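The values are calculated or read from the model by the stated rules, or taken from the named source; none is laboratory data. Remember, predicted model here, so these are calculated numbers, not experimental data. Because the Cβ atoms are built from the backbone with ideal geometry, glycine has one as well, and the counts that use them run over all protein chains shown. Just the protein is used for accessible areas: all its heavy atoms, side chains included, with ligands, DNA and RNA removed. Shrake-Rupley method; radii C 1.70, N 1.55, O 1.52, S 1.80 Å.
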Amino acid sequence: MSSGVGIVTRIQSVSPAISAVLLDHPGVYLRTVRGASAIYGGEYTGMPGFRFTVGRIGDASLLIGLIPPYPQAVAEAVYELFILGIRNVITITRGARLGRRVEEGERVVLAKAAIPLDGVSQRIAPPGTPLLASAELLRGLLAYAELGVLKGSVNPGTTVTMQSLRMAWSYDDAEEYIGLRDVRAADTVTAPLYALQYQFERLNALSVVVAERPLTPTPRPVETDARALERHDEREADLISKILIAAVETIKAVAGE
């Protein structure tokens, strides 16, 4: 564990936490922090889009973080968190379904592996390096999900990590992977997160992708129905909150929190 202040995160201490759950949903982050039974050291507000709180969530001491959902952001945040003492990281991010492999009732993809199309991962781990989840965290969260409120909603699989999911060329970048065995989702954080495990041998990482929407050849830059967008956001927030509970339970079991 190092002492000092994170340049990007502005975190001064992660104590007593050794595990973190990182989100890209501001509402779920705020709800979780407000529901903590204890807060250690207050909230750390880093560079724009980065917010972190160390607290007692359920029965576990955890760092809860809000990060922008981009490859550079997760790489910067986790790099600093590891140096400061975090050893287990679960990210819960919003991505997109690829093809028809993820049914409507299976909207949560536990990323067993990531295909790096993001431009950041290969600067961390050499090209061709298999980018894999922590087997222990993967087994733990899957086992909990099969018993709890996520039963029937979780699909282990591979995700394609890209720079963005919303630009006109995003579908073209991922198209050759659609229909391949176990390739189920696209996202923007998994590959650099998994690549960091090769740089930091003691880092254990797992990415959970909420794939509510499909990745389409013609992304819509504007939602035409405000109420439909609001309902979609509510469904995502509810699902992310359930995954967060499963993540906390997994960390308790794996890290002995």
**Prompt:** Which of the residues that make up segment 133-151 are in a loop (DSSP other than H, G, I, E, B), open to solvent by 80 Å² or more (accessible area, probe 1.4 Å) and under 18 Å from ILE251 (Cα atoms)?
**Reply:** VAL149
**Fill in**
Taking segment 20-35 and the residues there that are more than 22 Å from PRO71 (Cβ to Cβ) and in contact (Cβ under 8 Å) with a residue 24 or more places away in the chain, the one that is surrounded by the most Cβ atoms within 10 Å (Cβ to Cβ) would be THR32
**Complete:** The condition of being in contact with a Pro (Cβ under 9 Å, 6 or more places away or on another chain) and closer than 24 Å to GLY27 by Cβ holds, among LEU81, LEU66, LEU62, only for LEU66
**Message:** Cβ contacts < 9 Å: first residue under 16 Å from ALA195 (Cβ atoms), restricted to segment 81-92; second residue basic (Lys, Arg) and part of a loop (DSSP other than H, G, I, E, B), any location; separation 6+ or different chain. Result?
**Reply:** PHE82/ARG202
**The listed residue being crowded, with 17+ Cβ neighbours inside 10 Å and without any contact (Cβ under 8 Å) to a residue 60 or more places away in the chain, out of VAL154, VAL120, VAL160** = VAL154
**Prompt:** Between a first residue in segment 124-146 that is under 16 Å from ARG87 (Cα atoms) and polar (S, T, N, Q) and a second residue that is in a helix (DSSP H, G or I) and open to solvent by less than 40 Å² (accessible area, probe 1.4 Å), which pairs have beta carbons less than 8 Å apart while being 6 or more apart in sequence or on different chains?
**Reply:** SER134/GLN197
**Output for segment 54-63, where each listed residue is closer than 14 Å to LEU22 by Cα and either open to solvent by 70 Å² or more (accessible area, probe 1.4 Å) or without any contact (Cβ under 8 Å) to a residue 24 or more places away in the chain (or both)** = GLY55
**Asked** Can you tell me how many residues in segment 179-201 are touching a helix residue (DSSP H, G or I) at 6+ places or on another chain (Cβ under 9 Å) and surrounded by 14 or more Cβ atoms within 10 Å (Cβ to Cβ)?
**Response** 13
**Message:** Residue under question is GLY179, and the condition is that it be within 22 Å of SER19 (Cβ to Cβ), more than 19 Å from the chain's Cα centre (by Cα) and of a type in the set (Gly, Ala, Ser); does it hold?
**Reply:** no
**Message:** Looking at the structure I just gave you, is PRO130 in a loop (DSSP other than H, G, I, E, B), in contact with a strand residue (DSSP E or B) (Cβ under 8 Å, 6 or more places away or on another chain) and open to solvent by 60 Å² or more (accessible area, probe 1.4 Å)?
**Reply:** yes
**Request:** Name every residue in segment 240-257 that is among the hydroxyl-bearing types (Ser, Thr, Tyr) and buried (at least 24 other Cβ atoms within 10 Å of the Cβ), in order of residue number.
**Result:** THR250
**Item:** Looking only at segment 98-114, and only at residues there that are at pLDDT 65 or above and either aliphatic (A, V, I, L, M) or under 13 Å from the mean Cα position of the chain (by Cα) (or both), the one that is most open to solvent (accessible area, probe 1.4 Å)
**Value:** LYS112
